Amino acid sequence: MDKIVIEGGRPLHGEIAISGAKNAALPLIAATLLAPGWHTLHNVPDLRDTRTIMALLETFGVEWQRDGSRLRINSANLNNCEASYDLVKTMRASVLVLGPLVARTGQARVSLPGGCAIGARPIDFHLQALKNLGVTIILEHGYVGAEIAGRLKGGTVYFDIPSVTATENILMAATLAEGTTVIKNAAREPEIGNLIDMLVAMGARIEGKGSDRLVIHGVEQLEPAEIEVIADRIEAGTYLIAVGAAGGEVTITNCNPGHLPALLEKLRAAGLTITEERTAIRVRRSGPLRSVDIKTMPYPGFATDLQAQIMALMTLTRGLSVITETIFENRFMHVAELRRMGADIRIDGHSAIVTGTGRLTGAPVMATDLRASASLVVAALAAEGATDISRVYHLDRGYEDLVGKLSRLGAVIRRERE
């Protein structure tokens, strides 16, 4: 198992390019199950999660070829519709194959993903929505069995809470349904817009992109498509916050500033100078940090996937910050590790009260999930002395070449065997 060692206190300078979005690539890959033939995806990040979902598709008889960031996928020879626990347990997004499989083949058997470090994250929304489209759902032996005779039937789906993966799953399934499906209170994340673009390129008829009401007019069949994965807004946000913590000036390219409205507003309020360009963001910190309050919300609100990182930034202020998590019930697991580095953080229900001490010190810490590990990197870049971060396989799930990118900005960072 590897660890990352960071010598803190070095300002960051230079330019880095953002990779394709993990959270966009996964549903795009799943969508290739809807139509036989060679699909082409560009700007696909090479991550643990993208490798996992391709391993899962291989078990269905899918062929694929990778050339750099270009991924070609052909699901013409599907010979299996079961997603086993061994793969699903390593990545909850594996549930995204449920909708496409049952829409195309009339059946699917997908392992229940179980719990994870940041909360239960049940798939009840997915299952009830599929029932609304006429699918029979059977839960037994830890698996979801889904089947339907003939085509899915269009219907109305309402989500009590906007769910990204549930919106994506039903969106994909509904493209091959008979009749019209309406998804109300749909999630509005840019990654869903990327999926809609791909489905439309495949021949789907979808209205409402970017809104919380999606209308899908089902078609009898879809065709292979070519699509580019959008830039990873969470990776971009993590590096923006990192510059705030370490100091310096960095230009972040291959990103879309319009996908980070809440974060950019908060970083400006925290004292950073932010310059937005069409596909780049320049960030500079030249003075002291100011404390800001944060409340995570569905898009376009402040992303829960950036909550841990900005909490690390707030420990470096000299004020009081209240950070409220509304999306996942157990997403403060990084707090104990930040405390080991000298942070003053108190948990009160769904809120973390951060009393900025203005400084952190290096310490051995342990990553507990993907974004928690990113928060420890942010903290380590600003800390006095060395920080050893263990369990960095979490980082491998969502950050492509993190060590290389930070090294190019002047960070003293290396990966070692523990």
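The values are calculated or read from the model by the stated rules, or taken from the named source; none is laboratory data. As the structure is a computational prediction, the values presented were derived from the model and not from experiment. Ideal geometry is used to build each Cβ from the backbone, glycine not excepted, and the neighbour counts take in all protein chains shown.
For (1) surrounded by 15 or more Cβ atoms within 10 Å (Cβ to Cβ); (2) in contact with an Asp or Glu (Cβ under 6 Å, 6 or more places away or on another chain); (3) without any contact (Cβ under 8 Å) to a residue 24 or more places away in the chain, each residue gets a yes or a no:
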residue: Phe60; (1), (2), (3): yes, no, no
residue: Glu63; (1), (2), (3): no, no, yes
residue: Val97; (1), (2), (3): yes, no, no
residue: Leu139; (1), (2), (3): no, no, no
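Here the condition is being touching a helix residue (DSSP H, G or I) at 6+ places or on another chain (Cβ under 6 Å), assigned to a helix (DSSP H, G or I) and among the aliphatic types (A, V, I, L, M); of Ile170, Ile206, Ile196, it holds for Ile170 alone.
Note on the range 257-297: residues that are touching a Cys at 6+ places or on another chain (Cβ under 8 Å) and farther than 18 Å from Gly247 by Cβ total 2.
A single entry from Val135, Val164, Val215, Val157 fulfils the requirement of being under 16 Å from Val102 (Cα atoms) and not assigned by TED's automatic domain parsing to the domain that holds Met297: Val135. Of the numbered criteria (1) of a type in the set (D, E, K, R); (2) under 23 Å from the mean Cα position of the chain (by Cα); (3) not in a loop (DSSP other than H, G, I, E, B), the one Arg268 fails is (2). Taking the conditions exactly as written (more than 22 Å from the chain's Cα centre (by Cα), assigned to a loop (DSSP other than H, G, I, E, B) and either surrounded by fewer than 23 Cβ atoms within 10 Å (Cβ to Cβ) or outside the structural domain of Ser375 (by TED's automatic domain parsing) (or both)), does Glu249 satisfy them or not? Spelling it out, it is not the case that Glu249 is more than 22 Å from the chain's Cα centre (by Cα), assigned to a loop (DSSP other than H, G, I, E, B) and either surrounded by fewer than 23 Cβ atoms within 10 Å (Cβ to Cβ) or outside the structural domain of Ser375 (by TED's automatic domain parsing) (or both).
For the range 374-393, which positions are modelled with pLDDT under 95 and either within 19 Å of Gly237 (Cβ to Cβ) or hydrophobic (A, V, I, L, M, F, W, C) (or both)?
First pass over the range 374-393, keeping only residues modelled with pLDDT under 95: 391-393.
Within the range 374-393, just Val392 meets the criteria.
For the range 337-388, residues that are more than 27 Å from Met91 (Cα to Cα), surrounded by fewer than 17 Cβ atoms within 10 Å (Cβ to Cβ) and not hydrophobic (A, V, I, L, M, F, W, C) total 12.
Counting only strands (runs of 3 or more DSSP E) that fall entirely inside the range 1-111 and contain at least 2 residues that are modelled with pLDDT under 95, the qualifying elements are 107-111.
Is it the case that Ala187 is in a loop (DSSP other than H, G, I, E, B), of a type outside the set (Phe, Trp, Tyr), touching a residue at least 12 places away in the same chain (Cβ under 8 Å) and not assigned by TED's automatic domain parsing to the domain that holds Asp305? Write out each step before concluding.
On the way: in a loop (DSSP other than H, G, I, E, B): yes; of a type outside the set (Phe, Trp, Tyr): yes; touching a residue at least 12 places away in the same chain (Cβ under 8 Å): yes; not assigned by TED's automatic domain parsing to the domain that holds Asp305: yes.
Answer is yes for this residue.
Would you confirm, using the coordinates I've provided, whether Ala236 is at pLDDT 95 or above, crowded, with 19+ Cβ neighbours inside 10 Å and out of contact with any Cys (no Cβ under 9 Å at 6 or more places or on another chain)? Judged against the criteria, Ala236 is not a match. Taking the criterion of being out of contact with any strand residue (DSSP E or B) (no Cβ under 6 Å at 6 or more places or on another chain) and crowded, with 20+ Cβ neighbours inside 10 Å, the residues of the range 268-289 that qualify are Ala270, Arg285, Leu289. Filtering the range 290-336 to residues that are buried (at least 20 other Cβ atoms within 10 Å of the Cβ), β-branched (Val, Ile, Thr) and touching an Asp or Glu at 6+ places or on another chain (Cβ under 6 Å) leaves only Thr296. A residue that is out of contact with any strand residue (DSSP E or B) (no Cβ under 8 Å at 6 or more places or on another chain), among the hydrophobic types (A, V, I, L, M, F, W, C) and within 29 Å of Pro364 (Cα to Cα) cannot be found anywhere in the range 247-259.
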